[in-house]
Amino acid sequence: MATLKDVASAVGVSVTTVSYAMTGRGSVSAPTRRRVRLAAQKLGYSPNRAAQAIRTGRTGSIGLILHDFTQPASALIAQRIERAARARSCLTIMIDAVQHSEDTGGLLELLLKQGVDGVVWALGSRPVKVPEHLHLVVMGQAVDGMDSIHWNPQHVKKQGEAALPHDLMATEAVELLLERIDAPDRATRSIVLGIDRLKALKA
């Protein structure tokens, strides 16, 4: 079975760089990240989640709480979040809150018990009863004192909901959550996606 050292040797980078590239964390350029992941795929490298959890205290999994997966918009967001997380070697545990709208705090507790490293909250409402030490990113609106990401209202009005690039928002939400997991003591951030921000992300 291939190891991190094997991948690092094949690409010509350090083991730390390979680790960062596989998890989407740290400062690794996009070309290097692609080379590392391609080499890992060719060599058949697969991260040992159990060993990582013991070594780092992290499980490599995140939670996602959405409302009604049967709705097209919710299904699309779930797909994009899962895809963005998987690209960073993270497993996504999803919960449909359609039957638990009055106990969303309980859903957060449930995900925390499952050992997730953090949660993307995409219910379109303010989180309540957030467990202490749970890393959380609110998707779709700004919330004081919490990491959040949402659309510029003027951009939504101009483009229309159907035309919004949810894949970019999902990627940003996952990146913001992983950033919080890596630096739990940093100041909270509120990212507003608009025309300028989207152009920068696509560049």
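Please list, ordered by chain and number, the residues whose modelled amide H lies under 5 Å from the amide H of ILE62; skip anything fewer than 5 residues away on the same chain.
So ILE62 has HN proximity to LEU91, THR92, ILE93, ASP117.
Please report, in debye to the nearest 20, how large the charge dipole of the range 4-46 is about its Cα centre when each Lys and Arg carries +1 at its beta carbon and each Asp and Glu carries -1 there.
Using only the charged Cβ atoms, the result is roughly 120 debye.
If you take the C-alpha gyration tensor of the range 4-46, multiply each eigenvalue by 5 and take the square root, what semi-axes do you get, largest first, in whole Å?
The three semi-axes for the range 4-46 are 14, 10, 9 Å.
If amide hydrogens are placed 1.01 Å from N in the peptide plane, which non-local residues have theirs closer than 5 Å to the one on SER190?
Under 5 Å from the amide H of SER190 lie the amide H atoms of SER148, each far enough along the sequence or on another chain.
Say R0 is 22 Å: what FRET efficiency, to the nearest 0.05, do VAL192 and ASP103 get from their beta-carbon distance?
Efficiency computed from Cβ-Cβ geometry: 0.15.
Read-outs throughout are calculated quantities, based only on the coordinates presented, and are distinct from any laboratory measurement. Treat the numbers as computed from the prediction; the structure is a model and nothing was measured. Note that each Cβ is placed from the backbone with ideal geometry, even for glycine, and that neighbours are counted across all protein chains shown.
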